[in-house]
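Just below is one structure, and these are the notes that go with it.
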Amino acid sequence: MLKMSAFPRVAIMAALITGLLMAAACVPVSLPATTAASSSQPADTDTQAPAEVEITHYSGTDVAPVNPGTVVVADMAALLSLHDLGVEGIAGLLGLGVPVPQKYAEALNNPAFEELGSVWEPDYEAINALEPDLIIVAGRSSRIYPDMKEIAPTVDLTIWEDFYSKFQEQHRNMGKIFGVEEQVDERLAELDAKVQEVNAQAAGAGRALILMTTGAEVTAYGPGSRFGFVHDTFGYAAADENLERDATHGDAVSFEYILEMQPDVLFVIDRASAIGEEGKAAHEILDNELVAQTPAWQNGRVVYVDSFDWYIAWTSIPAFFQVVEDVEAGLQ
């Protein structure tokens, strides 16, 4: 019997395998759809929105949840801005016990709000029971920030010094927390356009004095004060540069003082009206022979501003739009 050597067997097998591989190469291969699609896309990294954001505010720095579900607000102005921006999920408001203008009734007198007390007397038990994801304080409620922080993450959106810059900064903080950054940018841009329009005219519009009446008492404000934005933001020259900057209710002044200052324009806030107290209205208090001798009175440039918007809600977006209108009225 003839024997075949190993070498021919190997050669035959190699030829068979080569033929099979060449045949397979001629057959088109289709990848599964999912594989083909994935090959054209970059690897998916973490596309989830952040669950928290660090906020630097009036009372410090805190980590706040993004898009919190249950929110307690202890400032009427902050709530007006949130309502203006379309933010939902507000569980309750700690108010001031003052009359709410009809234009803000929907935002501030929501019947769905829980009873949580007031800024002056918070119902801590009721607030605890809500288990809020976030608490917002500002302005008059800034003093309860430490207490609220014991209950839930809390941010203090108080606006005071460097008013206009802080106004924008705190609203951008709102945007970060509630995922409405685009809406905030749009509203701030709209507001700033109006502010700059007034500012361009106010520098040559004469010297302004800001007055607030409470009963028979009259107080005045100047640059750097609570209502100093008339000068610092809008650009009106001040009738008096030396008024107390830190006095919450202004410097007490007389009618003789007002005459001596000879203001070209007066902006008047009726505090009693803003907080619902009885007493003489601002226009009655100032209607006397001394004030009547000022250029402001004689030229019809006494502006009785929207007292709620100026005294209660001036740090909100909708109220500050009204402030712009009132300040613009002084140009006429």
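The values are calculated or read from the model by the stated rules, or taken from the named source; none is laboratory data. Worth saying up front: this structure is predicted, and the values here are computed from it rather than measured. Neighbour counts run over all protein chains shown; Cβ positions are idealised from the backbone, glycine included.
Here are a few things to note about the model shown:
- Flag if Ile127 is of a type in the set (A, V, I, L, M), touching a residue at least 60 places away in the same chain (Cβ under 8 Å) and in the same structural domain as Leu93 (by TED's automatic domain parsing): no
- Taken over the range 248-278, the criterion of being part of a loop (DSSP other than H, G, I, E, B) and either surrounded by 15 or more Cβ atoms within 10 Å (Cβ to Cβ) or charged (D, E, K, R) (or both) is satisfied by Gly250, Val253, Pro263, Asp264, Glu277, Glu278.
- The range 155-201: number of residues that are under 15 Å from Val230 (Cβ atoms) and within 14 Å of the chain's Cα centre (by Cα): 3
- Tally of residues being at pLDDT 95 or above, over 15 Å from Thr294 (Cα atoms) and either part of a loop (DSSP other than H, G, I, E, B) or acidic (Asp, Glu) (or both) across the range 226-239: 7
- Enumeration of residues in the range 142-165 that are part of a helix (DSSP H, G or I) and surrounded by fewer than 18 Cβ atoms within 10 Å (Cβ to Cβ): Arg143, Pro146, Asp147, Lys149, Tyr164, Ser165
- Within the range 76-111, considering residues that are part of a loop (DSSP other than H, G, I, E, B) and within 13 Å of Ile317 (Cα to Cα), the one nearest to the chain's Cα centre (by Cα): Leu85
- One residue from Ala78, Ala107, Ala74, Ala91 being surrounded by 17 or more Cβ atoms within 10 Å (Cβ to Cβ) and either in contact with a Lys or Arg (Cβ under 9 Å, 6 or more places away or on another chain) or on the phi > 0 side of the Ramachandran plot (or both): Ala74
- Filtered residues of the range 215-242 (kept if over 20 Å from Phe320 (Cβ atoms) and either buried (at least 22 other Cβ atoms within 10 Å of the Cβ) or touching a Pro at 6+ places or on another chain (Cβ under 8 Å) (or both)): Val218, Ala220, Ala238, Ala239, Glu241
- In the range 199-221, the residues that are modelled with pLDDT of 95 or more and either of a type in the set (S, T, N, Q) or in contact with a helix residue (DSSP H, G or I) (Cβ under 7 Å, 6 or more places away or on another chain) (or both): Asn199, Gln201, Ala208, Leu209, Ile210, Met212, Thr213, Val218, Thr219
- Residue that is farthest from Val155 (Cα to Cα), among those in the range 53-75 that are in a loop (DSSP other than H, G, I, E, B) and not polar (S, T, N, Q): Gly69
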